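Everything below concerns the one structure shown next.
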Amino acid sequence: AQKVTQAQTEISVVEKEDVTLDCVYETRDTTYYLFWYKQPPSGELVFLIRRNSFDEQNEISGRYSWNFQKSTSSFNFTITASQVVDSAVYFCALSDSGNTPLVFGKGTRLSVIA
Amino acid sequence: KAGVTQTPRYLIKTRGQQVTLSCSPISGHRSVSWYQQTPGQGLQFLFEYFSETQRNKGNFPGRFSGRQFSNSRSEMNVSTLELGDSALYLCASSLRALAGADTQYFGPGTRLTVL
């Protein structure tokens, strides 16, 4: 069975600090997809990134970066120089290649204090 | 391109009533999935529709049902509402049926409160 664990329930940082959100996943499939979504107070889940299991290259997009390590089944998300607008709940999710729905972690609530 | 839209955004019902929620996917997207989000259980998959057919179903009672129309718009229905049905219901659309190969884009959700 697929499982996603986000061990950090809540994180609070001061603006401009760097912060890393952890995500550990479990799956028996060799082909799978990992996602990160952001949920601001408005409630909508905003797509941030998708990574397939064959692509272990790290990715950087502005202040966001993602570290995918198959050896440790982790897909961690780092925000550099955090801003108040980054305050939200962040979800890591997993899906295999066989027409299955997303399995979400419990989410990490990030609070960035000015 | 307009995003996923959901109506209504907020809903208050009483136990025993039924409710219908609506979702319009991104133009061109043919797959619509529904998720329930509660503080205790987190995000849980309800069902997925593609070309008016239910392709996947989560572990929810038969009181939860859905359908998809020829224009890909989808509705979900909850009958005989219970207090535990209070949740944020999120709809997501994707281009094709294979969720794993496609990114799901979410709407703003419908917040249902059952009194």
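Applying both filters, DSSP loop and at most 13 other Cβ atoms within 10 Å, to the trypsin sites (Lys or Arg not before Pro) of the stretch B:31-86 gives B:Arg63. The lysines whose alpha-carbon is closer than 17 Å to the alpha-carbon of A:Lys38, local same-chain residues fewer than 8 away aside, are A:Lys106. Sorting B:Trp34, A:Trp36 from the fewest to the most surrounding beta carbons within 10 angstrom yields A:Trp36, B:Trp34. The modelled label-to-label distance between A:Thr78 and B:Leu83, using points 7 Å beyond Cα along the C-beta direction, is 4.7 nm. Among beta bridges from DSSP that stay inside chain A, the antiparallel ones total about 90%. Scoring A:73-80, A:3-10 by mean Cβ neighbours within 10 Å over their residues and listing the highest first yields A:73-80, A:3-10.
For B:Thr5, the amide hydrogen comes within under 5 Å of the amide hydrogens of B:Ser24, counting only partners 5 or more places away or on other chains and with H modelled in the peptide plane.
Full extension of the chain between A:Val85 and A:Thr30 yields a length gain of 16.2 nm, computed as 0.36 nm times the residue separation minus the alpha carbon distance.
With θ taken as phi - 60° and the Karplus curve 6.51 cos²θ - 1.76 cosθ + 1.60 applied, the whole-hertz 3J(HN,Hα) list for the stretch A:86-91 is 7, 4, 4, 9, 10, 10 Hz, x standing for glycine and proline. Give the cross-link partners of B:Lys57 among the aspartates and glutamates, using a straight C-alpha distance below 15 Å as the criterion and excluding same-chain residues fewer than 8 apart. Once the sequence-local aspartates and glutamates are set aside, what remains near B:Lys57 is B:Glu48, B:Glu75.
Would you mind classifying the stretch A:33-114 by shape? Square roots of the alpha carbon gyration tensor eigenvalues, ordered a ≥ b ≥ c; an a/c under 1.5 is rounded, otherwise it is prolate if a/b is larger than b/c and oblate if not. Oblate. If r is the Cβ-Cβ distance from B:Leu95 to A:Lys70 and R0 is 35 Å, what FRET efficiency results, to the nearest 0.05? Efficiency computed from Cβ-Cβ geometry: 0.85.
We did not get these values from a lab; they are worked out from the coordinates using the rules stated. Because the structure is a prediction, the values reported are computed rather than measured. When we count neighbours, we look across all protein chains shown, and the Cβ atoms used for this are built from the backbone with ideal geometry, even at glycine.
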